[in-house]
Amino acid sequence: MRLPCTPEWKRDSGAAEDVTHSPPMTARLARSFAILLLIVGATIGLGPAPAWAAPIDLKMTLTGPTTVTAGGVVAYRMRVEAGSAPDAASIRAWMYLPSGVTFLPAAWHEDESGPCVDGSCTVKRPEHIARGVFEWTVTLQFDTMPDGTRLGLRATAESAGEEATPADNLDELDVTLVEADDVGLTAVPPAGPVTAGEPVTFDVIAKNLGRRQISRIALAYSELGPWFTGGSLDVEGSECMSDPGQMRCSLPANLKPGEELRIKNIFPTHANDETWGTRGTVRIRSTNSDITVKFRFAPKPGSTTSPPAPGTGGGLPVTGTATTPLALGGIVLLLAGTGALWATRRRRA
């Protein structure tokens with residue numbers, strides 16, 4: 001029995017139909033993956049949106065004198081504005097100094113946001129974090145350099161948050177050094193004892209010994225004892241900053257070469273054991289002058305204690321009850337000596 005023979009063209013056609021209607025495995029996988037992506041995307045789109053942290057936007061401002069006397073000490077202020085950023089607590093500020101300028105240690109004042117150590121400042125006050133504004137003061141010592149030397153100061157700020165405008169994090173100041181003023185100081189100390197509780201007042205005469213006009217004078221006060229509670233100068237436009245045992249003042253002068261300015265110094269005092277009957281000193285320095293003013297406080301009112309007169313000792317006074325036995329003892333010794341001498345001469349005879 002012979003089997004029916006299928007024409008060659010039909011076998012080829014059937015094979016072609018199988019290929020057309022049976023897609024390959026890779027195509028099915030791709031289609032399934034696409035459907036899965038659509039389902040995941042729809043699920044995410046219907047869910048809550050993720051909470052992204054708002055970027056922080058800091059702004060640094062550096063302020064202070066742009067003309068500084070060579071060898072002088074100057075304070076500069078850094079201010080950072082952060083708004084209500086959630087990363088405000090992590091804010092830090094830095095000041096970078098050129099060669100010839102150094103940081104001086106300074107106390108952390110109540111109006112500042114935190115301490116500064118060698119130009120690195122941190123935030124410690126919660127109320128400043130809440131308001132989003134931070135301030136620090138740094139005190140700088142400038143070396144003696146040639147007149148006209150230009151220096152650049154740079155301050156930056158950063159935090160742990162993502163910065164929106166990094167260019168605002170930096171501020172710079174160009175400082176020009178001028179020749180140190182040649183100021184000679186002489187003092188007129190208080191005349192007589194100072195009554196405790198009343199101000200200690202005396203005059204200081206500043207004279208321009210240099211070759212150019214002086215616009216301002218800086219004075220440094222030190223060696224101020226327990227009596228010191230602060231001070232001021234009776235000169236319009238003067239400014240003074242006090243710390244325990246020291247004070248710095250700056251005042252307008254406008255002195256031509258050879259001219260003088262009389263400066264009245266005022267130091268309030270208290271009437272207590274730290275003032276009554278004590279002595280006080282005030283050391284005053286300018287750029288090239290160093291003087292010391294000495295004074296003393298009057299004793300406490302109603303006090304009967306007075307210092308011993310010069311040349312007298314601190315022993316007990318000699319009174320009448322003590323002089324009588326001393327006189328009798330002297331007479332007895334004198335008579336005994338006379339009797340012994342008379343007896344000796346009689347034996348020789």
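The values are calculated or read from the model by the stated rules, or taken from the named source; none is laboratory data. None of these values were measured; they are calculated from a predicted model. We place every Cβ from the backbone using ideal geometry, glycine too, and count neighbours over all the protein chains shown.
Just a yes or no: is a residue in the stretch 223-245 more than 26 Å from the chain's Cα centre (by Cα), loosely packed, with under 13 Cβ neighbours inside 10 Å and small (Gly, Ala, Ser)?
Checked against the condition, which is being more than 26 Å from the chain's Cα centre (by Cα), loosely packed, with under 13 Cβ neighbours inside 10 Å and small (Gly, Ala, Ser), the stretch 223-245 yields no hits at all.
Within the set of pairs 6+ apart or on separate chains, which have a first residue in the stretch 246-258 that is under 25 Å from THR229 (Cβ atoms) and in contact (Cβ under 8 Å) with a residue 40 or more places away in the chain, a second that is among the hydroxyl-bearing types (Ser, Thr, Tyr) and in a strand (DSSP E or B), and C-beta atoms under 8 Å apart?
Hits for this filter: ARG248/TYR221.
Consider GLY114 against the criteria (1) part of a loop (DSSP other than H, G, I, E, B); (2) under 18 Å from ARG154 (Cα atoms); (3) within 14 Å of the chain's Cα centre (by Cα): it satisfies all of them except one. Which criterion is unmet?
(2) is the only condition that GLY114 fails.
Which one is modelled with the highest pLDDT, of the residues in the stretch 42-99 that are part of a helix (DSSP H, G or I) and surrounded by fewer than 18 Cβ atoms within 10 Å (Cβ to Cβ)?
Narrowing the stretch 42-99 to residues part of a helix (DSSP H, G or I): 42-46, 88-90.
From the residues that got through so far, the ones that are surrounded by fewer than 18 Cβ atoms within 10 Å (Cβ to Cβ) too are 42-46, 89-90.
Details: ALA42: 52, THR43: 52, ILE44: 51, GLY45: 48, LEU46: 48, ALA89: 79, SER90: 85.
Checking each candidate, the answer is SER90.
Name the residue, out of VAL183, VAL204, that is modelled with pLDDT of 95 or more, hydrophobic (A, V, I, L, M, F, W, C), under 20 Å from CYS249 (Cβ atoms) and within 29 Å of the chain's Cα centre (by Cα).
Checking each option against the conditions leaves just VAL204.
How many residues does the stretch 272-290 hold that are within 25 Å of the chain's Cα centre (by Cα) and either within 15 Å of LEU224 (Cβ to Cβ) or surrounded by fewer than 14 Cβ atoms within 10 Å (Cβ to Cβ) (or both)?
Looking only at that region, the number is 6.
Counting just the residues of the stretch 117-128 that are within 12 Å of the chain's Cα centre (by Cα) and surrounded by fewer than 17 Cβ atoms within 10 Å (Cβ to Cβ), which one comes out nearest to ASP87 (Cα to Cα)?
Only one residue tops the list, namely VAL117.
So, in the stretch 99-114, exactly how many residues are of a type outside the set (Asp, Glu) and closer than 15 Å to VAL80 by Cβ?
Residues flagged as of a type outside the set (Asp, Glu) and closer than 15 Å to VAL80 by Cβ within the stretch 99-114 amount to 2.
I'd like to check something: does the stretch 172-183 contain any residue that is closer than 25 Å to VAL80 by Cα, surrounded by 14 or more Cβ atoms within 10 Å (Cβ to Cβ) and of a type in the set (Val, Ile, Thr)?
Within the stretch 172-183 (the criterion being closer than 25 Å to VAL80 by Cα, surrounded by 14 or more Cβ atoms within 10 Å (Cβ to Cβ) and of a type in the set (Val, Ile, Thr)), the answer is yes, since at least one residue qualifies.
All but one of (1) in contact (Cβ under 8 Å) with a residue 40 or more places away in the chain; (2) in contact with a Gly (Cβ under 8 Å, 6 or more places away or on another chain); (3) aliphatic (A, V, I, L, M) hold for ALA220; state the number of the condition that does not hold.
Of the numbered conditions (1) in contact (Cβ under 8 Å) with a residue 40 or more places away in the chain; (2) in contact with a Gly (Cβ under 8 Å, 6 or more places away or on another chain); (3) aliphatic (A, V, I, L, M), the odd one out for ALA220 is (2).
Between ARG211, ARG131, ARG216, ARG154, which is surrounded by fewer than 18 Cβ atoms within 10 Å (Cβ to Cβ), modelled with pLDDT of 95 or more and either farther than 30 Å from GLY302 by Cβ or touching a helix residue (DSSP H, G or I) at 6+ places or on another chain (Cβ under 9 Å) (or both)?
It is ARG154.
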